[in-house]
Amino acid sequence: MKFCGPKLSLCCTILSVWGIIQLGIMGILFYIKSPAFLEDLFIPENATEPAAYIDAMEKSFSQIALNCWIATALYGGTFVLSGWQMWLNFKK
Amino acid sequence: MGSLFRSEEVALCQLFLQSESAYTCVSELGELGLVQFRDLNPDVNAFQRKFVNEVRRCDEMERKLRYLEREIRRDAIPMQDTGDNPEAPMPREMIDLEANFEKLENELKEVNSNAEALKRNYLELTELRHILKKTQVFFDEEGHLWPWQAERDGCAGNLDGGSVSLTQNLLPDEAKGPIQLGFVAGVILRERVASFERMLWRACRGNVFLRQAQIEEPLEDPATGEQVYKSVFIIFFQGEQLKLRVKKICEGFRATMYPCPEAPADRREMAMGVKTRLDDLNTVLSQTQDHRHRVLVSAARNLRSWMLKVWKIKAIYHSLNMFNIDTIQNGLIAECWIPVPDLETVQLALRRGTEKSGSLPAILNRLSCVESPPTFHRTNKFTRAFQGLIDSYGVASYREMNPAVYTIITFPFLFAIMFGDLGHGIIMTLFGAWMVWKEKPLSVKKVDSEIWNIFFGGRYIILLMGTFSMYTGIIYNDVFSKSLNLFGSSWHVPFNESTIRDNREIMLDPKQPDQYEGTPYPIGLDPLWQLAANKINFLNSYKMKISIIFGIVHMMFGIILSLWNHRFFNRRLNVLCEFIPQVLFMSCLFVYLTLLVFIKWVNYGAGEDVPLVLTPGCAPSILITFINMVLMKGYEEAKGPNSCSAYMYDGQFYLQRMMVVVAVICVPWMLVAKPYFLYRASKQRAMLGTGGVEGAMEETPSTMPVQPAEDHDMSEILIHQGIHTIEFVLGSVSHTASYLRLWALSLAHAQLSEVLWGMVLRIGLSTAGTTGGFAMYFIFAAWATLTVVILVLMEGLSAFLHTLRLHWVEFQSKFYEGQGYAFVPFSFDSILEANESTVTEAK
């Protein structure tokens, strides 16, 4: 039943909490197209025309927002798992 | 007034204790922890001191307790730490304790030796049992093997299984008859069997016959307690000589031999006897172990408090050894340092001690002393860490200004300038806050790790550094290298598509109202700078200037603190000859520099109605202005309406000239004035003669030897003053430049943070498609780990070190002497802690 030691489970729990909070907020910021993340977008090579460029930007914003939320969900799962391991490790 | 502003007043006191009450009084003072005893017998050998016997007895008791502790630990019995603090017992109780420990030790030693003897017996019986079992196999085997032999010799009729003696069967047919084979059976370590066999073969020239079989289960060696594997062997030989030889070889190889009967019936009987004896032995052994366990458990309950009591007794006798014996009044005389505000508390403690022992009260009177007392700062759990930072460099001289008070704020602030990142600040604050919140349970847990103890000891420093870093992170507008746009940027991009498409880079012009609003971002850096290509150019200028400003403020503050030191110690000469020229020098040159910075910031700017001479293009470089000022270059120029001016305000040229002159005058002022006045003063004293006693002492002088007075040699004073002046003048330039590390480290931190985001997290973010989500999952973990390890831990440590250096060197060199020694009171708490740490280290 127990496959993590106390240190690993604690680390993973803290990392998961941080991941949920930060990736969640980043997802929201990408969704509202915050310009701070301009350099993180993925623009394909062929989008040279302004219209295509802006279109690619907006698509990238939404895609990355979705990716961040997927990662948030994955960290939610990790949180449950490592939290369970932590509870097993630390119950006396 | 006890405060951190300067160290407390410490008085040298003499204590007269009656012999009966000395012990209890010292015990009370130890619990109090406010008194530092002086060693009045420094040249006396440790073995010639008065209470050496008692100390020896304490050492004996400690040894016995440690033996008990080892035995308890070996049996893995938990020792409870009730956390209570027993008082030091009276001397008569010491005898009871000694007797108790002696009894326990003897009992334990007896139980242990009994157990060992029993185990040895048990081992022998076990080996005998194995032998009986294995030789049964040998004898059976021989019965089966020899048909082959008999057939070879052509006599098939001799065999009859078990009825014929085995030894007879082993002999060749011719030799059968009166000759009997002897045999020995024994047990030997498995590793030695091969060499044993070889030795037997060589020594007996092949005339002996060895059979051996391994014992499957390991046996316990009684001496060491470890499990070893052994083998059973049986050796057949003929004749007395071979028997002697075989016996000698067995002894040499440390094989234990056992008498083994030949007949199977005898063997069976012996086996049963051995079995019953083994069972009896088992019961006795388990009972012995139970008894030992019970003894140890009952000892484990009290072991901790006994140990504390013994340590306290020893500490008390160590202190008593430092006192002088007053044979006339049958008492002890002690000299001790006591902080003046605590004199009442110490008197009360002494009264308690004398009441407990029921004798005449102790007398405490103050002495005057020539040597300087120890430095005592009364700190609490919050200020102790900061005081420790200062004390690591040098303990403050007696009653000197304590830099630790200001360090509480300046240290985290200067750290934060170098560390400014809201995200990393949050991480640090959370860590510090957790340690502070869980302070009590964490401090009770004794952790061996030195690194953890360092972090935990500095938890308040970490908490403060984190909160200040959050503030500077907001000012630098930096969260993990991204900016927050909370109030709307003041810059806008009004260009159309063709302009953007045709130009690789466009510089936004703050003069145009459609590009820059005219009012800056309310708090901190405008978020647009994060995306600007010339971000570093702008930030460099800003950060360098504020580093210099903070540096000069810090250093001027240090110089002003020296004024308080001079006034407290009535060093009027220093005020005139050191403080004033120092302030003038620094002000004329460096405070003026910061003034220029502010003037440039306020006056020059971009805007629609700004005259040409105040536009950014015409702003004079402050560095060039400063250099020209010091080199006395420059000239009054004609100011045309369309030309830039090298000067920021009218009359700058003449004002700067005057300032340089004043600064230059300060240097010989610092160098020569004080030695000249001292020389004049010593001349006057010499003329008046050495008549006139210093003034009768009302208080008795201390019994300790007095240090000689300071040397008033002129050459020494001149050299000292020269060094001081050069250090200050050259230091003013180098220290000012040294504060530029605030800029350098903050730039490095920001760049490192940006690189980490760009090289690690961006990979996950810009992965196309939905696989990016899963990539983000792993990449985020990597990015988070690297952030904590590199940016928080490594950069944090680096910024901590640089801030510490700025405080120790740049700040404290302006006023701090740091030649004192710490006040180390006689306190049971600190002694017990020291003993605990040596015990944990020894483990």
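Derivation of every value follows stated rules applied to the coordinates shown; laboratory data play no part. What you see is a predicted model, and the numbers here were worked out from it, not measured in a lab. We place every Cβ from the backbone using ideal geometry, glycine too, and count neighbours over all the protein chains shown.
Taking the Cβ-Cβ separation of A:E58 and B:D84 as r and a Förster radius of 56 Å, what is the calculated FRET efficiency to the nearest 0.05?
Computed FRET efficiency for A:E58 and B:D84 comes out at 0.20.
Taking 0.36 nm per residue of sequence separation and subtracting the Cα-Cα distance, how much length would be gained by fully extending the chain between B:L343 and B:R571, in nm to one decimal?
79.2 nm
Once every DSSP H run of n ≥ 4 in chain B is given -39500 (n - 2.57) and the sum is divided by its residues, what mean residue ellipticity at 222 nm do you get, rounded to the nearest 500 deg cm²/dmol?
Using -39500 (n - 2.57) per qualifying helix, the result is -19000 deg cm²/dmol.
If you count, for every residue in A:35-44, the Cβ atoms of partner chains within 10 Å of its Cβ, what is the mean?
That works out to 5 on average.
Quote the convex hull volume per residue of the protein assembly as shown, based on C-alpha atoms, as a whole number of Å³.
318 Å³
DSSP loop (so not H, G, I, E, B), at most 13 other Cβ within 10 Å: list which GluC sites (Glu not before Pro) in the stretch B:578-671 pass both filters.
Hits after loop and neighbour filter: B:E608, B:E636, B:E637.
Past the 21 Å Cα-Cα mark, which pairs from A:K2/A:K91; A:K7/B:K445; B:K511/B:K545?
Result: B:K511/B:K545 exceed 21 Å.
What's the local net charge at B:R129, with K and R +1, D and E -1, over the other residues with C-beta under 14 Å away?
0
Charges at C-beta only: +1 for Lys and Arg, -1 for Asp and Glu. How large is the resulting dipole of the stretch A:6-90 about its Cα centre, in Debye rounded to 20?
520 debye
DSSP loop (so not H, G, I, E, B), at most 10 other Cβ within 10 Å: list which chymotrypsin sites (Phe, Trp or Tyr not before Pro) in the stretch B:537-640 pass both filters.
Taking the stretch B:537-640 and a limit of 10 other Cβ atoms within 10 Å, the loop chymotrypsin sites (Phe, Trp or Tyr not before Pro) found are B:Y635.
Setting aside same-chain residues fewer than 8 positions from B:K230, which lysines have a Cα under 18 Å from its Cα?
B:K119, B:K133, B:K134
Under 18 Å Cα-Cα from B:K440, which aspartates and glutamates qualify once same-chain neighbours fewer than 8 residues away are excluded?
Qualifying aspartates and glutamates at Cα under 18 Å: B:D81, B:D84, B:D448, B:D829, B:E833.
When all alpha-carbon pairs of the stretch B:292-343 are counted, what percent fall beyond 18 Å?
61 percent
With a ≥ b ≥ c the root eigenvalues of the C-alpha gyration tensor of chain B, is it rounded (a/c under 1.5), prolate (a/b larger than b/c) or oblate?
Here chain B falls in the oblate category.
Name the residue farthest towards the positive end of the dipole of the protein assembly as shown from the options B:P341, B:Q80, A:N67, assuming +1 on Cβ of Lys and Arg, -1 on Cβ of Asp and Glu, about the Cα centre.
The residue sitting farthest along the positive end of the dipole is B:Q80.
Send over the per residue convex hull volume for the stretch B:512-630, Cα only, as a whole number of Å³.
Here the figure is 143 Å³ per residue.
Near the amide H of B:K230, under 5 Å away, which other amide H atoms are found, from residues 5 or more places off or on another chain, if H is placed in the peptide plane?
B:R190, B:I215, B:L219
Volume per residue, Å³, of the convex hull around the alpha-carbon atoms of the stretch B:514-572?
Convex hull of Cα atoms, per residue: 121 Å³.
Considering only C-alpha atoms, what is the centroid distance from the stretch B:194-263 to the stretch B:772-817, in Å?
Here the answer is 69 Å between Cα centres.
What is the log10 of I(q)/I(0) for the stretch B:354-475, computed with the Debye formula using one identical point scatterer on each Cα and no solvent, at q = 0.23 Å⁻¹?
Relative scattering, expressed as log10 I(q)/I(0), comes to -1.27.
Once you put a point 7 Å from the Cα of B:K633 and another 7 Å from the Cα of B:F5, both along the Cβ direction, what distance in nm separates them?
4.9 nm
Residues in the stretch B:3-44 near a label at B:Q329, defined as backbone nitrogen under 12 Å from the 7 Å Cα→Cβ point?
Those under the cut-off are B:14-19.
Suppose each label sits 7 Å from its Cα in the direction of the beta carbon; what would the B:R120-B:L430 distance come out to in nanometres?
6.4 nm
How large is Rg over Rh for the stretch B:238-394, taking Rg from the Cα atoms and Rh as the Kirkwood inverse mean of 1/r across Cα pairs?
1.41
Determine which residues of the stretch B:312-350 fall in the zone a paramagnetic label at B:L832 would reach in this model, i.e. backbone nitrogen under 15 Å from the point 7 Å along Cα→Cβ.
Answer for the stretch B:312-350: B:312-316.
Can you pull the three principal axis extents for the Cα set of the stretch B:195-235, in Å, largest first?
Sorted largest first, the three principal extents are 38, 18, 12 Å.
How long are the semi-axes of the equivalent ellipsoid of the stretch A:6-90, defined as square roots of 5 times the Cα gyration tensor eigenvalues? Whole Å, largest first.
36, 10, 9
Can you tell me the FRET efficiency between A:L81 and B:I77 if r is taken as the Cβ-Cβ distance and R0 is 41 Å, rounded to the nearest 0.05?
With R0 = 41 Å, the Cβ-Cβ based efficiency is 0.60.
Relative to the compact-globule scaling 2.2 N^0.38 Å, provide the ratio for the alpha-carbon radius of gyration of the stretch B:39-132.
1.69
How many angstrom lie between the C-alpha centres of the stretch B:9-29 and the stretch B:517-545?
66 Å
Give the residue from A:I43, A:I14, A:N89 lying farthest towards the positive end of the charge dipole for the stretch A:6-90; charges sit on Cβ (+1 for Lys and Arg, -1 for Asp and Glu) and the dipole is referred to the Cα centre.
A:N89
Report the extension gain between B:I726 and B:V493 in nm, rounded to one decimal, defined as 0.36 nm multiplied by the number of residues separating them, less their alpha carbon distance.
Residue separation times 0.36 nm, minus the Cα-Cα distance, leaves 78.4 nm.
Taking +1 at the Cβ of each Lys and Arg and -1 at the Cβ of each Asp and Glu, which of B:Y777, B:N453, B:Q212 sits farthest along the dipole of the protein assembly as shown towards its positive end, judged by Cα position relative to the Cα centre?
B:Q212
Using only atoms on other chains, find how many Cβ atoms lie within 10 Å of each Cβ of peptide B:478-489 and report the average.
2
With the cut-off at 1.5 for a/c, could you classify the stretch B:184-267 from its C-alpha gyration tensor as rounded, prolate or oblate?
In terms of gyration-tensor shape, oblate.
Between 0 and 90 degrees, rounded to the nearest ten: what's the tilt of helix B:383-393 against the longest Cα principal axis of chain B?
90 degrees
Between B:S392 and B:I665, 0.36 nm times their residue separation minus their Cα-Cα distance comes to what?
94.6 nm
Please list, by residue number, everything in the stretch B:254-277 whose backbone N is under 12 Å from a paramagnetic label point 7 Å out along Cα→Cβ of B:Q180.
Label zone hits: B:262-263.
Suppose R0 equals 60 Å. What FRET efficiency, 1/(1 + (r/R0)^6) with r the Cβ-Cβ distance, do B:Q48 and B:D280 give to the nearest 0.05?
That pair, B:Q48 with B:D280, gives E of 0.55.
So which lysines pass the test for B:K674, namely a Cα distance under 26 Å, with those fewer than 8 places away in the same chain ruled out?
B:K683, B:K814
Quick check on packing: order A:74-85, B:511-522 by the mean number of other C-beta atoms within 10 Å, highest mean leading.
Ranked from most to least packed, the peptides come out as A:74-85, B:511-522.
For the stretch B:303-393, just say rounded, prolate or oblate: build the C-alpha gyration tensor, square-root its eigenvalues into a ≥ b ≥ c, call rounded for a/c under 1.5, and beyond that prolate if a/b exceeds b/c, oblate if not.
Here the stretch B:303-393 falls in the oblate category.
Which of the peptides B:18-30, B:730-742 is most tightly packed, and how do the rest follow, going by the mean number of other Cβ atoms within 10 Å of each residue?
Top to bottom by mean Cβ count within 10 Å: B:18-30, B:730-742.
In nm, to one decimal, how far is the modelled label at B:N453 from the one at B:F774, with both set 7 Å along Cα→Cβ?
4.9 nm
Other chains' Cβ within 10 Å of A:60-72 residues: what's the mean?
Other-chain Cβ atoms within 10 Å of each residue's Cβ, averaged: 5.
Assigning unit charges at the beta carbon (Lys, Arg +1; Asp, Glu -1) and nothing else, what dipole magnitude in debye, to the nearest 20, does chain B show about its Cα centre?
600 debye
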